[in-house]
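The values are calculated or read from the model by the stated rules, or taken from the named source; none is laboratory data. Note that the structure is predicted; figures quoted are calculated from it, not measured. Because the Cβ atoms are built from the backbone with ideal geometry, glycine has one as well, and the counts that use them run over all protein chains shown.
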Amino acid sequence: MAALPTNIVQGDLQDQKTADYQSPLGVTHTQTATLPGIRTQSGFTFEQVDVAYQTLGTLSPARDNAILICPALSGDAHVAGMHPDTSRPGWWDYHVGPGKAIDTDKFFIICVSMLGGCGSTTGPTSLRPETGKPYGMTFPPVTIRDMVVVQIRLLDHLGILQLFAAIGGSMGGMQALALAVDHPQRVRVCIPIATCTSHSAMQIAFNEIGRRAISNDPDWNEGNYNADRRPIRGLAIARMVGHVTYLSESAMTHKFGRERRTEHSASGDEATSFSVESYLHHQGQSFVKRFDPNAYLYLTRAIDQFDLFEGGPAAEVLRQVRARFLVISFASDWLYPPVQSRELVRQLKRANIPVSYLNLETEYGHDSFLIENPAFANVVRHYLINEYVHPPN
Amino acid sequence: MYLGIYETVSHWIPEKSRVLDLGAGDGAFLERLVQTRQVVGEGVEKDAELVARCVERGLVVHQGDIADGLDQYGDQTFDFVLLLGTFQELVSPADILREAFRVGRHVVIAHTNFAHFSVRLQVLLRGRTPMTQFLPTHWYHTQNLHFFSILDFQDFCRETGIQELNQAYFNIRGAVRFLPNLRAEEAVSWLQLDPISRRSVTVERGKTKTEPYQI
């Protein structure tokens, strides 16, 4: 068998032991701004919204080098560099930094925690102004498009009229697409990665399993749980299911095979399990420490509800779009299969939008954009620099 | 020789044309067309690494197999569709040609001439599948699926309602003007659909027949 690719063994930067990991960016900080409110698609009005965001690099004097990075489901504003409190690297530190795919020496990077998530952006854990208690399940349903409106609020706050680029994988790709469609004047280049214009039945089905695991946890209590008694068993199972869908069969075979490991419990008992089992347990346990169960329900609902073309036929919806596109999919991604990206590409091309499409042969499944991935990094880097240096007429 | 083909083709393409390069490879030729003819170009390439090279050159490129069709493009999106690499390697060249004429007005095709005299001599004298500088592989390794000559291709065009607007022939020494079917190793043709009949190409059970052209 060929030597095991180290990037597959290392995996992504979320929820893993990263004692040895060094980011060239050093410690990076996240800030919070309180911005004018929004009216959600569902008709709820927030008087104001808190927005947690991180910026890296320097905005050019012409203010034309800003790149918005849209996080995926489990990501937040802390995109790269080391977190000052937890010392965790940002979720995309492999690809964001000096000389990396998204080069902080050339571009001004903005990453925003999502509306309805559990970063410090307004979400179910925020306090409801009328009651002073967390929203919990009284938080209104939010959509990908609502999240994008919050991002636009932040751009207004930062004085950025037009982004150079919006880029994101998975749920982040949906945000990048919605931004290019709903706010065509605000972005020049759009890079949706491993994403789709609306979820298939299979994608909704996996999310529903996660949601049911949470809502069937006795500690969930209709969403009214206390900090010391959260439905973490349900959330951990949701995350385990998610992780299986993010990998590929061959990546799991490479990474775990049928290897077993023995673990010692606190009471001194020994238990032997397959390494894939202990990997999933570990992923579940570390995820619950940083993620809110209600936020998981809201965000997965937003993903399932998303339909880029809910406003009408694709040709009409895309008529206003001004951005140029680079669409990337991964051959081994069975959660967001390449066929969905190809359909997106077809719709964009049929609307006469310049779009390049690349289907990389990375074997890591849906997570391919989160791991160290030179082929992916190389294409993104060159595309961004070419589009920035030689903008088409 | 290939330089000659590219030189010829770039002279055929008017400035600022919309060009689709099928089998764009690393994008070198398309980049040259963009620079020298100011074309609005786009490539289709199946190999991920070559697609990445096209992106590095700043080209619009689509990773895909042209054998799967060109459904991503609307009718008559391009002025020129280029098929300069692999026509004799395509499983269904006639179907791909029909798709090319759906998305573009003109098609430029390059193909190998299997009636070159060295090929004929080798079959005649050695009694074996020929190998030449331009057919360097054994029969069991070759990518070529269809073995046809310049005359065959002309017949094919006539039978399928395709007009040859221009053609050029090459061998190792350069352009070939006399007796191309005997002396040329590579041919390149500038094609358009016969404007009167507007017939197209369909291939069924190995037979070629003509049908009214439908978009």
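Here are the numbers:
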| read-out | value |
| --- | --- |
| Count - residues of region B:66-92 that are surrounded by 17 or more Cβ atoms within 10 Å (Cβ to Cβ) and either at the interface with chain A (Cβ under 10 Å from one of its Cβ atoms) or in a loop (DSSP other than H, G, I, E, B) (or both) | 8 |
| Scope region A:188-231; condition part of a strand (DSSP E or B), of a type outside the set (A, V, I, L, M, F, W, C) and either under 23 Å from the mean Cα position of the chain (by Cα) or buried (at least 19 other Cβ atoms within 10 Å of the Cβ) (or both); matching residues | A:188, A:192, A:198 |
| Selection count where residues are under 13 Å from the mean Cα position of the chain (by Cα) and either of a type outside the set (Val, Ile, Thr) or at pLDDT 95 or above (or both), scope region B:100-133 | 9 |
| Given (1) in contact with a Ser or Thr (Cβ under 8 Å, 6 or more places away or on another chain); (2) in a helix (DSSP H, G or I), number of the condition residue B:114 does not satisfy | (2) |
| Pick from region B:119-164, criterion among the charged types (D, E, K, R) and under 27 Å from residue B:194 (Cα atoms), ranking: surrounded by the most Cβ atoms within 10 Å (Cβ to Cβ) | B:152 |
| Matching residues in region B:35-48 - criterion: being surrounded by fewer than 19 Cβ atoms within 10 Å (Cβ to Cβ), within 11 Å of chain A (Cβ to nearest Cβ) and more than 17 Å from residue A:338 (Cβ to Cβ) | B:38, B:40 |
| Sole residue being within 14 Å of chain B (Cβ to nearest Cβ), assigned to a helix (DSSP H, G or I) and in contact with an Asp or Glu (Cβ under 8 Å, 6 or more places away or on another chain), chosen from A:346, A:342 | A:346 |
| Test set (1) closer than 30 Å to residue A:384 by Cβ; (2) touching a helix residue (DSSP H, G or I) at 6+ places or on another chain (Cβ under 7 Å); (3) free of Cβ contacts under 8 Å to residues at least 40 places away in the same chain; (4) surrounded by fewer than 20 Cβ atoms within 10 Å (Cβ to Cβ) - residue B:63 fails condition number | (4) |
| Residues (crowded, with 20+ Cβ neighbours inside 10 Å, under 20 Å from residue A:101 (Cα atoms) and either of a type outside the set (S, T, N, Q) or in contact with a Lys or Arg (Cβ under 6 Å, 6 or more places away or on another chain) (or both)) located in region A:22-52 | A:25 |
| Residue check for residue A:132: closer than 24 Å to residue A:387 by Cα and either over 14 Å from the mean Cα position of the chain (by Cα) or surrounded by 22 or more Cβ atoms within 10 Å (Cβ to Cβ) (or both) | no |
| Number of positions in region A:363-393 that are hydroxyl-bearing (Ser, Thr, Tyr) and either surrounded by fewer than 24 Cβ atoms within 10 Å (Cβ to Cβ) or within 9 Å of chain B (Cβ to nearest Cβ) (or both) | 2 |
| Test: residue in region A:149-161 that is under 30 Å from residue A:391 (Cα atoms) and in a strand (DSSP E or B) | no |
| Number of positions in region A:40-79 that are touching a strand residue (DSSP E or B) at 6+ places or on another chain (Cβ under 9 Å) and closer than 22 Å to residue A:166 by Cβ | 27 |
| Entirely in region A:232-328, the helices (runs of 4 or more DSSP H) that have 1 or more residues that are of a type in the set (Phe, Trp, Tyr) | A:232-246, A:275-290, A:293-305 |
| Residues within region A:125-137 that are touching a helix residue (DSSP H, G or I) at 6+ places or on another chain (Cβ under 9 Å) and in contact (Cβ under 8 Å) with a residue 12 or more places away in the chain, tallied | 4 |
| Flag for residue A:178 being small (Gly, Ala, Ser), part of a helix (DSSP H, G or I), modelled with pLDDT of 95 or more and crowded, with 20+ Cβ neighbours inside 10 Å | yes |
